[in-house]
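To start, the structure itself, in structure tokens.
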Amino acid sequence: MSEDDFFSAVGADAAEAEQPEDGRRRRHRRDTERSRRRRKRRRHALTAVVLIVVLAGVGFVGYEALSVVKDARPAQTSISDYTGAGEEEVVVTIPDGATGAEIADILAKADVVATAAAFRNAYAANANSGNIQAGTYTLKTHMSAANAVALLLDPSSRSDHTLTIPEGATKTEVKERLMSVGGYTDAEVEEAFADTAAIGLPDIAGGDVEGWLAPSTYDIAEDATATDVVASMVSTTVTRLNNSGATAENYEDVLTKASIVEREVSDPTYYGKVARVIDNRLSDTGGETKGMLQMDSTVLYGLGRTGGIPSDQEIADSSNAYNTYQHAGLPPTPIGSPSELAIQAVVNPPEGDWLYFVTVNLETGETLFASTHEEQVENTKQLSAYCQDNQEVCSGASSSPSPQATPTDSE
């Protein structure tokens, strides 16, 4: 240090020593304030570090807790479609007009398929899926969607739930079908037949269901009663009558005529002509037929038979109310349940003056028509020749529906 510097420093210290008391206090306060601020900054820094450590710990604990909760939740199923042919049998009903999407929902709720989406995909992939019919089916739970579609297209899946009534069936035959296929008792069926209000039988039927049990195939739901099924048959008949153009006051007559048409010939090609013969005979009260239908089918119905040809003695028996060889006009009731084609033929028969017809071959159903008695006699010779060669067919012993013949009338 130079001499000048030394004396300058000494001079400064001397000058400070010579400062008044107030100056020293002010300087002391400044130093104290600076020190306090430094300590405060250190405390804030320490607080921040502690806070960071705490928050990090909370975050770790929270993460662990969330992991525990997540692990505790049930695992989400990834099944979108079952595999295989299924497990336990289940009965489902597909309503009329159901879409593929609606069928999918029904099957998913019944646990037939895993998801509705799986069935919709299988439905779209099967070119025949549009042929699935309304009805009650026996399927299985846990089936693949493709198998479910296949079973819905298989008629055997419905066979246990369907009842088929053939054309021309009598109420007795319908009852037998309801008992054997539907599983109903004799009493249940008779009760249904008698409950005209519940089955919707029109008053003009006179309380008798004969002729009103429409031929068709009916679906029998699991909880369907005999009354439910019979009501469906009657409703179908009413619909067919209305569609044909028949009026309510003529319902019974139309069904009676149509039931005769159904029994007299086996080939629908002849329905219209036979219907015209019936009308012509009913109006021919002063002519050759004297208003008598002279139909074998009605005589047989009155005898409790549905096949063959009545004997001369049976034709001569006037105690049979259904013997239209002895009684003019229509029989008391229809003699069976006619088809829709027979109903339409009766309502709109072709024009013609035929009064007679005869089925000359009971196996092929070939039928000849005539306008005079003489023509009928010649045509009937062909039937006689046929019966000589086929006595078992013409014997009248058959108890099942078969083509009927109309031989020479009794004049």
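Observations on the model:
- From the options Ala150, Ala214, Ala194, residue that is surrounded by fewer than 21 Cβ atoms within 10 Å (Cβ to Cβ) and under 24 Å from the mean Cα position of the chain (by Cα): Ala150
- Hits in the range 269-289 (condition: under 17 Å from Thr367 (Cβ atoms) and surrounded by 16 or more Cβ atoms within 10 Å (Cβ to Cβ)): Tyr270, Tyr271, Gly272, Lys273, Val274, Ala275, Arg276, Val277, Ile278, Asn280, Arg281
- Residue in the range 292-306 that is closer than 24 Å to Gly206 by Cα, without any contact (Cβ under 8 Å) to a residue 24 or more places away in the chain, in the same structural domain as Asn379 (by TED's automatic domain parsing) and small (Gly, Ala, Ser) present: yes
- Any hit, the range 364-377, residues being hydrophobic (A, V, I, L, M, F, W, C), farther than 30 Å from Gly245 by Cα and either at pLDDT below 95 or assigned by TED's automatic domain parsing to the domain that holds Val174 (or both): no
- Cβ-Cβ contacts under 8 Å between residues 6 or more apart (or on different chains), taken from a first residue in the range 71-96 that is farther than 26 Å from Glu222 by Cα and polar (S, T, N, Q) to a second residue that is modelled with pLDDT of 85 or more and part of a helix (DSSP H, G or I), are listed as Ser80/Ala117; Ser80/Ala118.
- Within the range 102-153, being within 20 Å of Ile220 (Cβ to Cβ) and either in the same structural domain as Arg177 (by TED's automatic domain parsing) or of a type in the set (Gly, Ala, Ser) (or both) holds for Ala110, Ala134, Gly135.
- When residues of the range 73-130 are limited to those that are among the basic types (Lys, Arg) and surrounded by fewer than 17 Cβ atoms within 10 Å (Cβ to Cβ), the one modelled with the lowest pLDDT: Arg73
- Residue count for the range 299-355, restricted to those that are crowded, with 19+ Cβ neighbours inside 10 Å, of a type in the set (S, T, N, Q) and part of a loop (DSSP other than H, G, I, E, B): 7.
- Among the candidates Ala226, Ala231, residue that is of a type in the set (A, V, I, L, M, F, W, C), without any contact (Cβ under 8 Å) to a residue 60 or more places away in the chain, farther than 28 Å from His327 by Cβ and buried (at least 21 other Cβ atoms within 10 Å of the Cβ): Ala226
- Scanning the range 378-408 for residues that are at pLDDT below 90 and touching a strand residue (DSSP E or B) at 6+ places or on another chain (Cβ under 7 Å) yields Pro403, Gln404, Ala405, Thr406, Pro407.
- If the condition is being under 14 Å from Met143 (Cβ atoms) and either in a helix (DSSP H, G or I) or among the hydrophobic types (A, V, I, L, M, F, W, C) (or both), then the range 110-120 contributes Ala110, Val112, Val113, Ala114, Ala116, Ala118, Phe119.
- Of the residues Ala198, Ala224, the single one that is more than 19 Å from Val347 (Cβ to Cβ) and either touching a strand residue (DSSP E or B) at 6+ places or on another chain (Cβ under 7 Å) or assigned to a helix (DSSP H, G or I) (or both) is Ala198.
- Residue count for the range 159-191 satisfying the condition of being under 23 Å from the mean Cα position of the chain (by Cα) and either under 17 Å from Pro334 (Cα atoms) or part of a helix (DSSP H, G or I) (or both): 13.
The values are calculated or read from the model by the stated rules, or taken from the named source; none is laboratory data. This structure is a prediction, so every number in the text was calculated from the model and none was measured. Positions of Cβ are generated from backbone atoms using ideal geometry, with glycine treated the same way; all protein chains shown enter the neighbour counts.
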